[in-house]
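A short worksheet on the structure shown next.
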Amino acid sequence: MRLILFDIDGTLVWTRGAGREATRRAMIEVFGTCGALDGHKFGGKTDWQTLIELLAEIGEIEPHMPAYNAAMERQLTAIIDQYDVQPCPGALDLIEALRQREDVALGLVTGNVSGTAPIKLRAAGFDPTWFPVGAYGSEALERDKLPALALARACEHYRCPFTPQQVIVVGDTPADVSSARALGALAVAVQTGFTTADELAAARPDYLLRDLTEFSLILGDAPSFPPAR
C-alpha cells in the first residue's frame, strides 16, 4: 500500500481568485482588516501562517482560528459559483484512476483551513469523500507538521500501519517538498501552480512533473511502486 497526500490549490484545483477574495472577506469579518492582502503570496503557506504575516499587530492568532475557519467556509460558499474554478490538468483522471487501485489510499495535505477544502474540491468536480483523511492549514502554523498528522489519521482510518516510506506527498511549491522531507516521504512536485520550474527543481523533489498527466511515470503500469529516481 501507498498513501498519496495531495495539496489542493495549484495541484488539484485552480480557483481563479476565489480563495483570495474569500480570505479578504473572512479577515475583515473576524479581524476588521485584511492587511496587505493584495500583494501576499499564498503558495506553500498554511492559512494560519498567512494570518500571522498579514496581521502582525493582532498578536496571537491561534485563539481566532476556529472563528476564522467558520468565516472562510461561509464566505467561500457565498462566492465560489462566481469564479471559473477548474481542475488542474490531469487531476480528475488521475484521482479516478487511483481510486480503482487496491494498493493506493488517498488523502490531503493542504494549507487551506478545513472548512474550505471540500468547497474547492466540489467546485472543480471532485467528491471530497474521495479524500477521507487530511491535515489542514487551520491545524498547524508550519506546513512541515501536516504530513505527520495526515499519516496518523490515515493509519487509523484505513486500518493500515503506513510508514513514512509508504507516503507520497504531491504539491506545487517548495514548501510541499519540504513537508515531504520532514516526514521522510517521497516528494512529487507539479508545475501547475505559481512556482517556476527552476524554483521547484531547486527544492530537489524526487519527481518534477509538468502536470498530473505525467503521474504514470511514478506509478507505472505495475501494481507496485518503483523506487524514487
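Below are the figures for this structure:
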item	result
Options 142, 199, 214: the member that is of a type in the set (Asp, Glu) and buried (at least 17 other Cβ atoms within 10 Å of the Cβ)	214
Lone qualifier among 94, 151, 108 - being within 23 Å of residue 23 (Cα to Cα) and modelled with pLDDT of 95 or more	108
Among (1) of a type in the set (A, V, I, L, M); (2) outside any helix (DSSP H, G or I); (3) touching a Leu at 6+ places or on another chain (Cβ under 7 Å), the one test that residue 201 misses	(2)
For residue 179: the one exception among (1) assigned to a helix (DSSP H, G or I); (2) modelled with pLDDT of 95 or more; (3) more than 30 Å from residue 64 (Cβ to Cβ)	(3)
Number of the exception - residue 77 against (1) more than 22 Å from residue 130 (Cβ to Cβ); (2) at pLDDT 95 or above; (3) not charged (D, E, K, R)	(1)
Qualifying residue in the stretch 193-204 (condition: touching a Lys or Arg at 6+ places or on another chain (Cβ under 8 Å) and touching a residue at least 12 places away in the same chain (Cβ under 8 Å))	yes
Cβ pairs under 6 Å, 6+ apart, first in the stretch 150-172 and aromatic (Phe, Trp, Tyr), second crowded, with 16+ Cβ neighbours inside 10 Å and part of a strand (DSSP E or B)	158/105; 162/3
Flag if residue 169 is assigned to a helix (DSSP H, G or I), buried (at least 17 other Cβ atoms within 10 Å of the Cβ) and β-branched (Val, Ile, Thr)	no
So residue 181, is it of a type in the set (D, E, K, R) and more than 18 Å from the chain's Cα centre (by Cα)	no
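The values are calculated or read from the model by the stated rules, or taken from the named source; none is laboratory data. As the structure is a prediction and not an experimental result, all values here were calculated from the model. Cβ sites come from the backbone with ideal geometry, for glycine too, and all protein chains shown count toward neighbours.
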